[in-house]
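Report on the following structure.
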Amino acid sequence: MKPMEIGVFLASLGIHDPLKAVEKTAELGMKIVQMPMMEAKWYEKEGVARLRETLAQNGVTCTGACAGFVDERYDDIETVTRTVGLTNPKTAPGRVEWTKRVADFAKAIGEPVVTAHVGVVPLDRKSEQYRHLVRATQEVADYCASIGGTFALETGQETAEHQLAFLEDCSRDNLKVNFDCGNMILYGSGKPIEAVEVLRDYIVHTHVKDGRWPTEPGKLGEEAPLGEGEVGIDGYVAKLKDIGYRGPLVIEREAGADRIGDIKRAKELLERLVGGGEDRGQVTGNRGQETGGR
Ligand code: MG
C-alpha cells in the first residue's frame, strides 16, 4: 500500500454482497478497502476463504475491519450515548468478545487492525462508567496485541482532547485512532483539522467523510458528499501530510441516493489533493516505526 492510498469503506458502496462490493471497488480503480459489519457467515471459515479469494483476484487489499454491534443506533446524541459501543456494562462483555473475533477476522483477510466506536466516553474520568470503559477498551487492545494487532478508536463522539485523555488513561501501545473528519463535525465535537493536531501521535487509519454542523442541540449534523460539507477537505489532507501521516484514506459515505457517484467524485477530489507529491513512495520504510506497523 502506498502512503495515503485512497480506498473505500466497503459498506459505503451500498452493495449488500461483499464479494460484489470488492469487485466494484476494483472497477472504480481502488486497491484498498476496509471491511464493515457484515452477516455472520462472512466471519466463518468459508466466508473468510471466499473473501480472501475475491480480494486477491481483484488486486484489492484490506486495511482492517470495523467492529459494529447489533442494536446500535445513531438517531441522535442521546440514542448514540445509550446504544453505541462498550459503555453499557450489561452488553459490554459480549461486544468485547465480538470485537476480538473481528480482530481475528481482520488478521485473516489482511491487516490485524480493528476499528470501533467504543461509545461516548463519559466526561468524569473518576466515574465508575469511565473506568468501566477503560477496562473494556484495554481488554480488546490486549487481545489485539496478542495477535500482533491494533485497536483503533474512531473519533467524533467526544472532543479530541477528551479522547486523548482516554487514550492516555488506557495506556496501551497498540491502542490508536481511526480519524473520521466527518464525525467531528456531525457530532459537533470540534474542528477536524485542530483535532488532527491533538491526536497526531495516535492516527493510524482515517475515514474521509464530510458533513455539516448540527443545527439543533442533541441532534447530529448532516452528512454531505466529500468537498460539499464543512470539514474543509483540502485543509484536512494538507494537515495529514503535515503530521507525516502515511496510512490509508478510506472514503466513507453513509447517506445520499448516489453513493457510487459520490464515492467516484470523492476519489477524484482526494487524488488531486494527495497528488503525486515528492514525498509519496519514499517514506514507506518509515511507516512501520511511525504507526506501529501500519
Ligand atoms: Mg467513520
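Once the piece of chain linking Glu194 and Asp169 is laid out straight, how much longer is it, given 0.36 nm per residue of separation minus the C-alpha distance between them?
Contour length minus the Cα-Cα distance gives 6.9 nm.
List the relative contact order of segment 86-218 as a percent without decimals, with contacts defined as Cα pairs under 8 Å and 6+ residues apart.
The value is 21 percent.
Using per-residue counts of other Cβ atoms within 10 Å, averaged over each peptide, order 73-82, 266-275 from highest down.
Result, highest mean first: 266-275, 73-82.
List the residue ranges in the chain for DSSP H helices whose C-alpha atoms run 24 angstrom or more along the long axis and whose Kyte-Doolittle average is -1.0 or above.
Result, helices passing both filters: 92-109, 128-146.
Roughly speaking, what is the stretch gain from Arg125 to Lys31, that is 0.36 nm per residue apart minus the C-alpha to C-alpha distance, in nm to one decimal?
29.7 nm
Inverting the mean 1/r over all pairs of different Cα atoms, compute the Kirkwood radius of the chain and quote it in Å.
19.0
Can you give me the relative contact order of segment 64-111 as a percent, contacts being Cα pairs under 8 Å and 6 or more apart?
Here the relative contact order equals 45 percent.
With the radius of gyration and the Kirkwood radius both derived from the Cα set of segment 1-122, what is their ratio Rg to Rh?
1.00
Please give the contour-minus-distance gain from Ile147 to Arg101: 0.36 nm per residue of separation, less the Cα-Cα distance, rounded to one decimal in nm.
15.4 nm
Please list, in order, the residues from segment 187-218 whose amide nitrogen is less than 19 Å from a point placed 7 Å along the Cα→Cβ vector of Ile243.
187-211
Once you've got the GNM for the chain with C-alpha springs shorter than 10 Å, pick whichever of Asp210, Asp104, Asp173 has the biggest mean-square fluctuation.
Per the Cα network of the chain with a 10 Å cutoff, Asp173 tops the list.
Return the distance in nm (one decimal) between the two label points of a simple spin-label model at Lys219 and Ala49, each offset 7 Å from Cα along Cα→Cβ.
Computed distance between label sites Lys219 and Ala49 equals 5.0 nm.
Relative to 2.2 N^0.38 Å, what does the C-alpha radius of gyration of segment 116-263 come to as a ratio? Two decimals please.
For segment 116-263, the normalised Cα radius of gyration comes out at 1.05.
With a cut-off of 8 Å between alpha carbons and a minimum separation of six or more residues, what is the relative contact order of the chain in percent?
Here the relative contact order equals 18 percent.
Springs between alpha-carbon pairs under 10 angstrom, Gaussian network model over the chain: which of Leu226, Leu19, Leu249 fluctuates most?
Leu19
Can you tell me the Rg and the Dmax, both Å, for the Cα atoms in segment 72-146?
13.0, 39
Using the basic label-point model (7 angstrom from Cα toward the beta carbon), what is the Tyr74 to His16 distance in nanometres?
Label at Tyr74, label at His16, 2.0 nm between them.
Using a 10 angstrom cutoff on alpha carbons, build the Gaussian network for the chain and name the most mobile of Pro18, Pro89, Pro248.
Top of the fluctuation ranking is Pro89.
We did not get these values from a lab; they are worked out from the coordinates using the rules stated. All values derive from a computational prediction rather than experimental measurement. We place every Cβ from the backbone using ideal geometry, glycine too, and count neighbours over all the protein chains shown.
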